[in-house]
Amino acid sequence: MSYPSETMLNRIKDIYLYLNEKGTATTKELSEQFGLSDRTIQRDINILQYNGLVESYKKGEWTTTDKKVKLPK
C-alpha cells in the first residue's frame, strides 16, 4: 500500500483553500493557477470529492461543501 506524499497532501490542501476562498473554480482555472496538468488537478479534486469537501453543480466547476474541516498549519 502506498501512502500519499507530503507534496501531494500540501497540493490538495492548497487547492481546497483556494476553492474555499474563491468560491468556485473550474478544473482549467485550477490547472493554470497551480501550474499542473488538468489530469493532476482532477485526481486531487477526486480525493477532495471522495471526502465530501468539494462538489460540482456544473461539469468541471468546483466549490467547497459545508463540511467542517480542521487543517494543520
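Considering only the stretch 12-39, state which residues are part of a helix (DSSP H, G or I) and touching a Ser or Thr at 6+ places or on another chain (Cβ under 8 Å).
Within the stretch 12-39, Tyr16, Leu19, Asn20, Ser31, Asp38 qualify.
Quickly run through the stretch 6-28 and pick out the residues that are of a type outside the set (Val, Ile, Thr), surrounded by fewer than 17 Cβ atoms within 10 Å (Cβ to Cβ), in contact (Cβ under 8 Å) with a residue 24 or more places away in the chain and within 21 Å of Asp66 (Cα to Cα).
Selection gives Lys13, Leu17, Asn20, Gly23.
Of the residues that make up the stretch 50-63, is at least one in a loop (DSSP other than H, G, I, E, B) and more than 18 Å from Pro4 (Cβ to Cβ)? Even if it seems obvious, please write down each step before you answer.
Restricting attention to the stretch 50-63, the residues satisfying the condition of being in a loop (DSSP other than H, G, I, E, B) are 51-53, 59-60.
If we keep only those that are more than 18 Å from Pro4 (Cβ to Cβ) as well, we get 59-60.
Yes: one or more hits.
Given the conditions (1) crowded, with 16+ Cβ neighbours inside 10 Å; (2) in contact (Cβ under 8 Å) with a residue 12 or more places away in the chain; (3) within 16 Å of Glu61 (Cα to Cα), report the number of the one that Ser31 does not fulfil.
(2)
Where a number appears in this text, it was derived from the coordinates with a stated rule and is not lab data. Every value quoted in this text rests on a predicted model; they were computed, and no experiment measured them. No Cβ is skipped: glycine too gets one built from the backbone with ideal geometry, and neighbour counts run over all protein chains shown.
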